[in-house]
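Read the structure below first, then the notes.
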Amino acid sequence: MLDHKALARYLIALADDELILGHRNSEWTGHAPILEEDIAFANLALDEIGHSRLWYELAADLLGEDRARFPDRQVFLRPAEEFRNLQLVELPRGDWAFSMLRQYLFDVFEQHRLAGLSESTQASLAEVAARIRTEEIYHLRHTRAWVTRLGLGTEESNRRMQAALDALWPYARGLGGALPGEAGLPAGVVPDSAALYEAWLAEVSAFLAEAGLTIQPGSPDLQSPISRADHSSDFAALIEEMQSVARLDPEATW
Amino acid sequence: MNDTQWPRYEVFQQEAEGKPVLHNGTVHAADIELALLNARSVFARRPDATQMWVAPAEQITSRTREELAADPPAAEAAGAAEAYYIFGKLAEQAQASLLGEVGAASGEAAVAAALAQFGAEAALRWWAVPAAAVLKSDPADAGPMFAPAREKTYKDQAEYPVVTMMRQLRAKANTNHKDTENTK
């Protein structure tokens, strides 16, 4: 018997990751290094926010909620402490290297997770995962291209990319922690996060090495993942800004 | 880093199977692979696409009909012949369209070959694009490359009739203004 509430919690956590990463990336709009990249990254941010909507809608179906209103309520009226996104996605956008590398690390994990989800025994879940996966192929190409070019580019670009890796790596390990609700789901509904982490770690380690980047020895590993219930000091400000307009008039129609 | 202008790439696009390959615009990019990625972000929705090409602008030989009349291109060039795509701008308002391929040893010789093959009056402007310099989207990749944009109507400029709306607002403002003047 499938625990609908457990799967909904899992999907809301996935949606929160996409939403907050999309929101952080949207902060580059008007500030990217060049116009074309500005357009590309704004598109990518919109895609992530669009994916969050798909997951919130599925969660609404599972909870018997109104799928037209549920996503907005989750995004604009939920208190900051109830969000279950990773700290990795909420960190301030940093420089271009930081944002590209974060997106890359996240996207590789997402590709592995979507591959698993698209074979889920839960048909509605498998269908949405397959749709998102098609779109994510280009996200990954985009960020792979940037990580390689900055990693192997100039002394400055390599230094910045290495600094981004040093800063992001301790947070990236959070990717491998089990999602809320995951433990209560029967086999075949969602892929095992710990197994995805192993596949992710092998792929990104090889790719980063080829891009001239070094994972610092002694970095913390999966043994001590950061809880999704814990948020960094910058998160409250992000939520406050994101929700400020909606909260002026929660009943307004858009 | 004061100069952020990366090299320019021309973007060509085919709207559907059987339709012409048309010039659709320009992107800047650090290299040709990124140019194709950028072209997808900027143009994939305008209009629909089944394939996309990018070529470095600096490798394209471009001649107007007037330039060619004043200074006819040399048909002979030293070196081995290579394939060139010939694009022609057929009307003042039209996008350059792929007319065909010629073999030539230089861009100028390719233009001369194009004039002989298609007729000097066929186009207002000619472009000879070395085939080897073109990066094309992978046909096997058309799904991920173009399908996601189709569902996203909010990315279509036609969804934002800003110019029409501004015109209507201005017309209304002018009418109101005249009414005020008349009642004075």
Residues (surrounded by 18 or more Cβ atoms within 10 Å (Cβ to Cβ) and more than 21 Å from the chain's Cα centre (by Cα)) located in the range B:95-111: B:104, B:106, B:109
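What number of residues in the range A:67-106 are assigned to a loop (DSSP other than H, G, I, E, B) and within 23 Å of residue A:38 (Cβ to Cβ)?
Let us first name the residues in the range A:67-106 that are assigned to a loop (DSSP other than H, G, I, E, B), namely A:67-69, A:77-79, A:83-86, A:91-95.
Remaining after also requiring within 23 Å of residue A:38 (Cβ to Cβ): A:91-95.
Count: 5.
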Pairs, first at the interface with chain A (Cβ under 7 Å from one of its Cβ atoms) and more than 13 Å from residue A:41 (Cα to Cα) in the range B:29-47, second at pLDDT 90 or above and in a loop (DSSP other than H, G, I, E, B), C-beta under 9 Å, six or more apart: B:29/B:7; B:30/A:153; B:30/B:7
Residue in the range B:137-160 that is part of a strand (DSSP E or B), closer than 28 Å to residue B:44 by Cα, within 14 Å of chain A (Cβ to nearest Cβ) and modelled with pLDDT of 90 or more present: no
Single residue of the range A:34-66 satisfying the filter (loosely packed, with under 15 Cβ neighbours inside 10 Å and part of a loop (DSSP other than H, G, I, E, B)) that is farthest from the other protein chains (Cβ to nearest Cβ): A:64
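Condition check: more than 18 Å from the chain's Cα centre (by Cα), among the small types (Gly, Ala, Ser) and within 22 Å of residue B:15 (Cβ to Cβ). Does residue B:114 satisfy that? Break it down into steps so the answer makes sense when it comes.
Details: more than 18 Å from the chain's Cα centre (by Cα): yes; among the small types (Gly, Ala, Ser): yes; within 22 Å of residue B:15 (Cβ to Cβ): no.
Spelling it out, it is not the case that residue B:114 is more than 18 Å from the chain's Cα centre (by Cα), among the small types (Gly, Ala, Ser) and within 22 Å of residue B:15 (Cβ to Cβ).
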All positions within the range A:1-25 that are assigned to a helix (DSSP H, G or I) and surrounded by fewer than 18 Cβ atoms within 10 Å (Cβ to Cβ): A:4, A:5
Options A:110, A:119, A:136, A:127; residue that is under 21 Å from residue A:189 (Cβ atoms), modelled with pLDDT under 95 and not polar (S, T, N, Q): A:136
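Give the number of residues within the range A:139-170 that are in contact (Cβ under 8 Å) with a residue 12 or more places away in the chain, assigned to a helix (DSSP H, G or I) and either within 14 Å of chain B (Cβ to nearest Cβ) or over 18 Å from residue A:200 (Cβ atoms) (or both). Give the steps one after another, and end with the answer.
Of the residues in the range A:139-170, the ones in contact (Cβ under 8 Å) with a residue 12 or more places away in the chain are A:139-140, A:142-144, A:146-148, A:150-152, A:157-158, A:160-170.
From what is left, the residues that are assigned to a helix (DSSP H, G or I) are A:139-140, A:142-144, A:146-148, A:150-151, A:157-158, A:160-170.
Narrowing further to those that are either within 14 Å of chain B (Cβ to nearest Cβ) or over 18 Å from residue A:200 (Cβ atoms) (or both): A:139-140, A:142-144, A:146-148, A:150-151, A:157-158, A:160-163, A:166-167.
The qualifying residues number 18.
So which of A:229, A:183 ends up being within 27 Å of residue A:2 (Cα to Cα) and part of a loop (DSSP other than H, G, I, E, B)? Even if it seems obvious, please write down each step before you answer.
Values: A:183 fails: part of a loop (DSSP other than H, G, I, E, B).
When all the criteria are applied, what remains is A:229.
Taking the condition of being more than 10 Å from chain A (Cβ to nearest Cβ) and polar (S, T, N, Q), how many residues in the range B:16-28 meet it? Working first, answer last.
Residues of the range B:16-28 more than 10 Å from chain A (Cβ to nearest Cβ): B:16-25.
With polar (S, T, N, Q) added as a condition, the list becomes B:24.
Number of matching residues: 1.
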The range A:105-117 - residue that is of a type outside the set (A, V, I, L, M) and away from chain B (no Cβ under 14 Å) and, of those, farthest from residue A:204 (Cα to Cα): A:116
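Taking residue A:135 as the residue in question, decide whether it is of a type in the set (Asp, Glu) and within 11 Å of chain B (Cβ to nearest Cβ).
Values: of a type in the set (Asp, Glu): yes; within 11 Å of chain B (Cβ to nearest Cβ): yes.
Answer is yes for this residue.
Look at residue A:212 and say whether it is at pLDDT below 95 and of a type outside the set (Asp, Glu). Don't jump to the end; show me each part of the working.
Details: at pLDDT below 95: no; of a type outside the set (Asp, Glu): yes.
The answer is no for residue A:212.
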Residue A:41 being at pLDDT 95 or above and touching a helix residue (DSSP H, G or I) at 6+ places or on another chain (Cβ under 9 Å): no
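Would you say residue B:59 is within 11 Å of chain A (Cβ to nearest Cβ) and of a type in the set (S, T, N, Q)? Walk me through how you get there before you give the answer.
Values: within 11 Å of chain A (Cβ to nearest Cβ): no; of a type in the set (S, T, N, Q): yes.
Answer is no for this residue.
Is it true that some residue in the range A:20-35 is under 25 Å from residue A:192 (Cα atoms) and out of contact with any Leu (no Cβ under 8 Å at 6 or more places or on another chain)?
Initially, the range A:20-35 is screened for residues under 25 Å from residue A:192 (Cα atoms), giving A:20-22.
Next, only the ones that are out of contact with any Leu (no Cβ under 8 Å at 6 or more places or on another chain) stay: A:21.
Yes.
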Residue match in the range A:193-201 (condition: out of contact with any Pro (no Cβ under 9 Å at 6 or more places or on another chain) and over 30 Å from residue A:74 (Cβ atoms)): yes
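The values are calculated or read from the model by the stated rules, or taken from the named source; none is laboratory data. No experiment lies behind these values; they were computed from the predicted model shown. So basically every Cβ, Gly included, is an ideal-geometry build from the backbone, and we count neighbours across all protein chains shown.
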